[in-house]
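Read through the structure below, which is laid out as structure tokens, and then see the notes.
The values are calculated or read from the model by the stated rules, or taken from the named source; none is laboratory data. Since we're looking at a predicted model, the values are computed, not measured. For neighbour counting, all protein chains shown are included, and Cβ atoms are generated from backbone atoms with ideal geometry for every residue, glycine included. The protein model used for the area step is the full one, side chains on, heavy atoms only, and it has no ligands, DNA or RNA in it. Shrake-Rupley method; radii C 1.70, N 1.55, O 1.52, S 1.80 Å.
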Amino acid sequence: WGRPIQPDVGLSGPMGTAEFQRYVLDVLRDEAHTELSLLNAGALRNTDLLPLTEPLSRADLNALLPFGGELVRARVPGELLWFWGADTLVGGLERVQGSPRVNGRPIDSTRTYSVVMNRFVADGGDGILPTGTVKRRVDMVTDDGQPLELVDLLTSALEERRFVNKRTGMLDPDAEHVNL
């Protein structure tokens, strides 16, 4: 597990906590084809190992995301997006002058948004999503029908060179990986 997942794909610069979070959340959004990605803040651990400067290994991913987690795709009401804060890691949601936006657009509290999350959050973990608010929940699975795990998803994204800069052949920690 200590060997690089893709030895010839280095990092174009140090990957600190913010860059690693953004990378993980962007890979999730891209793979699930969702507007948002959501993990509880406790999903990311051992941040003293950051910044990473060498090619990513499964050991890095398992140390930083030790709980792994099966992934779920769901619909979440827009009215809940206002409340996500420091206890959550969210991809695709940002605050512009204090106003939350989904992929640059104001939140529409009358619609639902597609979100990929770990099962822990989908099952109500850390109270991030009130019981009964997740709509049309679908477990993500591999080609052979097994539950799709977070670390496995990140590993295959790197093996397939997704998010690797085609010009440099490197993973750029500062890049915005998903542009919706």
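The order of PHE163, PHE67 by accessible area, most exposed first and with a 1.4 Å probe, is PHE67, PHE163. Entry for the chain at q = 0.16 Å⁻¹: log10 I(q)/I(0) = -0.97, Debye formula applied to identical alpha-carbon scatterers, no solvent contribution.
Under the rule a/c < 1.5 gives rounded, and otherwise a/b versus b/c splits prolate from oblate, where does segment 73-180 land using the Cα gyration tensor?
Oblate is the answer for segment 73-180, as a/c is 1.5 or above yet b/c matches or exceeds a/b.
Annotation: MET170 carries an accessible surface of approximately 60 Å², with a 1.4 Å probe and no ligand, DNA or RNA atoms counted. Rounded to the nearest 20 debye, the dipole magnitude of the chain is 520 debye, with +1 charges on Lys and Arg beta carbons, -1 on Asp and Glu beta carbons, and the Cα centre as origin.
Quick check: the angle from helix 150-159's long axis to the longest principal axis of the chain, C-alpha only, nearest 10 degrees? Value to nearest ten degrees: 50.
Net charge around THR168, counting only other residues with Cβ within less than 14 Å of its Cβ (Lys, Arg = +1; Asp, Glu = -1)?
Computed value for this residue: 0.
Kindly report, to the nearest 10 Å², the accessible surface of TRP84 as traced by a 1.4 Å probe over protein heavy atoms only. Its accessible surface works out to 20 Å², give or take rounding. Relative to the dominant Cα principal axis of the chain, helix 17-32 is inclined by about 70°.
Note on exposure: GLU19, GLU79 ranked by accessible area (1.4 Å probe, complete protein assembly) read GLU79, GLU19, with the most exposed listed first. Calculated mean residue ellipticity at 222 nm for the chain: -6000 deg cm²/dmol, from DSSP H runs with n ≥ 4 weighted as -39500 (n - 2.57), summed, divided by the residue count and rounded to 500. Rolling a 1.4 Å probe over the protein chains gives TYR113 an accessible area of about 10 Å². Extending 7 Å from Cα along the Cβ direction at GLN97 and again at SER12 yields two label points whose distance is 3.1 nm. Ignoring ligands, DNA and RNA, please state the percent of accessible area on the chain from carbon and sulfur, probe 1.4 Å. Roughly 48 percent, rounded to a whole number. For segment 48-153, the per residue solvent-accessible surface stands at 51 Å², with DNA, RNA and ligands left out and a 1.4 Å probe. As a ratio to 2.2 N^0.38 Å, the alpha-carbon radius of gyration computed for segment 1-50 takes the value 1.29.
Projected over every direction and averaged, the convex hull enclosing the alpha-carbon atoms of segment 3-89 yields 6.3 nm².
Largest first, the residues ASP126, ASP152 sort by 1.4 Å accessible area into ASP126, ASP152. The residues packed around MET15, meaning those with a beta-carbon under 12 Å from its beta-carbon, carry a net charge of -4 if Lys and Arg are +1 and Asp and Glu are -1.
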